[in-house]
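The values are calculated or read from the model by the stated rules, or taken from the named source; none is laboratory data. The structure presented is a predicted model; accordingly, all values stated were derived computationally and were not measured. So basically every Cβ, Gly included, is an ideal-geometry build from the backbone, and we count neighbours across all protein chains shown.
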Amino acid sequence: MELARVIGNIWATQKDEQLTGLKMQLLQPITAENHDIGSPIIAIDSVGAGTGEIVFYITASEAVIPLINKPALSDATIIGIVDKIELSNDII
């Protein structure tokens, strides 16, 4: 699992039919200290996250597991919304 911040929504009227009805989000991968790392990615949202929220996501073949009721092509899927991150005595 990886951490990311939701930085936007992806809207696509032309897409593979397996993606119909699925929400797509633009994610900025981050460190546990909330620093950006790497380039933004597109992920299927299985939990209803909103812009600005910190989420955790899975990638590769595991990304389709949360979509078992509606199998879809996915390289990344959001599987949780982070309430807080506590590092030692610091809360982020």
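Key figures for this structure:
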{"read-out": "Subset of the stretch 43-62 that is out of contact with any helix residue (DSSP H, G or I) (no Cβ under 8 Å at 6 or more places or on another chain), polar (S, T, N, Q) and at pLDDT below 95 - its residue that is surrounded by the most Cβ atoms within 10 Å (Cβ to Cβ)", "value": "Thr59"}
{"read-out": "Residue list for the stretch 63-86, filter: modelled with pLDDT under 85 and of a type in the set (A, V, I, L, M)", "value": "Ala63, Val64, Ile65, Leu67, Ile68, Ala72, Leu73"}
{"read-out": "Residue that is surrounded by the fewest Cβ atoms within 10 Å (Cβ to Cβ), among those in the stretch 18-42 that are modelled with pLDDT under 95 and in a strand (DSSP E or B)", "value": "Ile42"}
{"read-out": "Selection within the stretch 43-60 - of a type in the set (D, E, K, R) and in a loop (DSSP other than H, G, I, E, B)", "value": "Glu53"}
